[in-house]
1. Taking only region 174-233 into account, find how many residues are more than 30 Å from residue 117 (Cα to Cα) and aromatic (Phe, Trp, Tyr).
2. Just need a number here: residues in region 13-26 that are crowded, with 18+ Cβ neighbours inside 10 Å and farther than 16 Å from residue 49 by Cβ.
3. For region 45-52, state whether one or more residues are under 18 Å from the mean Cα position of the chain (by Cα) and without any contact (Cβ under 8 Å) to a residue 40 or more places away in the chain.
4. Residues being buried (at least 18 other Cβ atoms within 10 Å of the Cβ) and within 30 Å of residue 13 (Cβ to Cβ): count how many of those fall in region 183-217.
5. For residue 36, indicate whether it is under 21 Å from residue 227 (Cα atoms), open to solvent by less than 70 Å² (accessible area, probe 1.4 Å) and out of contact with any Gly (no Cβ under 8 Å at 6 or more places or on another chain).
6. So residue 139 ticks every box in (1) touching a strand residue (DSSP E or B) at 6+ places or on another chain (Cβ under 8 Å); (2) at pLDDT 95 or above but one. Which box is left unticked?
7. Based on what the data block shows, is residue 172 open to solvent by 30 Å² or more (accessible area, probe 1.4 Å), at pLDDT 95 or above and in contact with a His (Cβ under 6 Å, 6 or more places away or on another chain)?
Amino acid sequence: MKIALLGYGKMGQTIERIALERGHEIVLKKDEFNTYEGLSNADVAIDFSIPTVAVSNISSCFHANIPVISGTTGWLAQYDEMVVLCESKKGAFISSSNFSLGVNLFFELNEYLARMMSKFDSYQVEMEEIHHTQKLDAPSGTAISLAKGVIENSVYTNWTLEKAEENQIHIEAKRIENIPGTHTVTYNSVVDSIEIKHTAHNRDGFALGAVIAAEWIVGKQGVFSMKDVLELK
């Protein structure tokens, strides 16, 4: 499989290593200093860039008829626009806040727990996410996905970085050197607390999941999610 890497930072380099280990070829390594030359030779593109260029990367793939996997966060105000473009170009697209296999299982656990806890109003949910100091957005896309998972399965209506009001989920975002990503969901009551937590030990889990998603999407048409890739639906 021939892969175009759109974004060649630490994640892009980790994806490159894992893709090569799995027998794939890298035909483009795009950063801010080069062009899309070579994109048309790819079977699939993997975008781990920055919010300001993600839409350009993704739309360029659709126009070139290249399926695209995007793990960039912070641009999702334009997500619906990209879905419309994908459908109009009969393209293939997966955008996820986190491609880690473990995190996507954690998403499922979070939704299951939210449904169960929705019957017990004595508990207040809150979240914490910790990432490395180079992470540009806060809260993380993964934390937002976790909050949405609770909102869709409970009486909560929104999340906030500030002090939570009724039916809001407080997310505390911390930035600490050399932390790949830790996410905790806690249900607190006067008498006890229930907590689920995912801790990433390195970037390899994110990169492997993105490569697996890229392998899965080749030859398909439509807008998908990691639930499709992992057959969690």
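1. 1
2. Counting residues in region 13-26 that are crowded, with 18+ Cβ neighbours inside 10 Å and farther than 16 Å from residue 49 by Cβ gives 3.
3. Looking through region 45-52, at least one residue is under 18 Å from the mean Cα position of the chain (by Cα) and without any contact (Cβ under 8 Å) to a residue 40 or more places away in the chain.
4. If we filter region 183-217 for residues that are buried (at least 18 other Cβ atoms within 10 Å of the Cβ), which is where we start, we get 183, 185, 187, 198, 200, 203, 205-214, 216-217.
Imposing the further condition that a residue be within 30 Å of residue 13 (Cβ to Cβ) reduces the set to 183, 198, 200, 203, 205-214, 216-217.
Residues flagged as buried (at least 18 other Cβ atoms within 10 Å of the Cβ) and within 30 Å of residue 13 (Cβ to Cβ) within region 183-217 amount to 16.
5. Here the answer is no, as residue 36 does not meet what is asked.
6. Of the numbered conditions (1) touching a strand residue (DSSP E or B) at 6+ places or on another chain (Cβ under 8 Å); (2) at pLDDT 95 or above, the odd one out for residue 139 is (2).
7. no
Residue by residue, here is whether (1) touching a residue at least 40 places away in the same chain (Cβ under 8 Å); (2) touching a Ser or Thr at 6+ places or on another chain (Cβ under 7 Å); (3) open to solvent by less than 30 Å² (accessible area, probe 1.4 Å) holds:
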site: 83; (1), (2), (3): yes, no, yes
site: 87; (1), (2), (3): yes, no, no
site: 92; (1), (2), (3): yes, no, yes
site: 114; (1), (2), (3): yes, yes, yes
site: 119; (1), (2), (3): no, no, no
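The values are calculated or read from the model by the stated rules, or taken from the named source; none is laboratory data. Here the structure is a predicted model, which means the values were calculated and not measured. Note: ideal-geometry Cβ built from the backbone for every residue, glycine included; neighbour counts use all protein chains shown. Side chains included, ligands, DNA and RNA excluded: accessible areas come from the protein's heavy atoms. Shrake-Rupley method; radii C 1.70, N 1.55, O 1.52, S 1.80 Å.
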